[in-house]
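Single-structure report; data block below.
Nothing in this text is a laboratory measurement; each read-out follows from the coordinates by a stated rule. Here the structure is a predicted model, which is why all the values come from computation and not from measurement. Every residue, glycine among them, receives a Cβ derived from its backbone with ideal geometry; neighbour counts consider all protein chains shown.
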């Protein structure tokens, strides 16, 4: 029996056969570090849902999902797991069910909550080894990045993926060095005023954002009464952002 066959048999005996290719990439030590890691994914829309699914497939041991929203019909074009029959379901419930099906060993915590200063302690309790910021609203995003910095929790921020179409312009870099992203520009301004360092890794695009549609009267309202603009998007770019964020987390945790 060759070394590859022995390796495969060993993984199968542990129930890790589905992770064989991941282990080939990261090494057994790196994979075991993933299995012992705890990640929080904040926001389960077009970006966060893809990040969460990728993390589940990677073998992360524990993931906390945070989102207060339900699936809307207009989100179906970019969500990682939602189908027409899922409209109206809680995003955390839907994504958690899919993640458990992907990786039955995964410990998933569902938090249907809105992230703000009053919920920060509970939602960042643990503390996690890494946080994925896939929140699509400015104020809670500012609070999250500041809160992670204050607690010494590593975080990867996801900037604006909507109204973009060029995959070659997606980048991973530091928030203070981003170009072409209005959301990143507003974040920098707010965080500077609060004395927060801008050396936060982020996924962003250098492509100028396209036009934003006017607010929709019926859907995608925040619990606090504010109506969001409906942003045009394709299935592809939000998925790229989410998978890029997951890759940053995987590499960081696997390398120790």
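Some values worked out for this structure:
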item	result
Theoretical ellipticity at 222 nm over the chain - DSSP helices of four or more residues, -39500 (n - 2.57) apiece, nearest 500	-12000 deg cm²/dmol
With Cα atoms, 0 to 90° folded angle of helix 3-13 axis to the chain main axis	70 degrees
Rounded tilt (10° steps) of 48-58 against the dominant C-alpha axis of the chain	10 degrees
Relative contact order [Cα under 8 Å, 6+ residues apart], the range 18-254, whole percent	23 percent
Radius of gyration, Dmax [the range 7-103; alpha carbons; angstrom]	15.1, 45
Residues 79, 50, 116 arranged by fewest to most Cβ contacts within 10 Å	116, 79, 50
Helix 20-35 vs. the chain, principal-axis angle (Cα, 0 to 90°, nearest 10)	80 degrees
For the range 18-254, alpha-carbon Rg over 2.2 N^0.38 Å	0.95
For the chain, share of DSSP beta bridges that run antiparallel, in % to the nearest 5	30 percent
Pair residue 251, residue 74: separation of 7 Å Cα→Cβ label points (nm)	3.5 nm
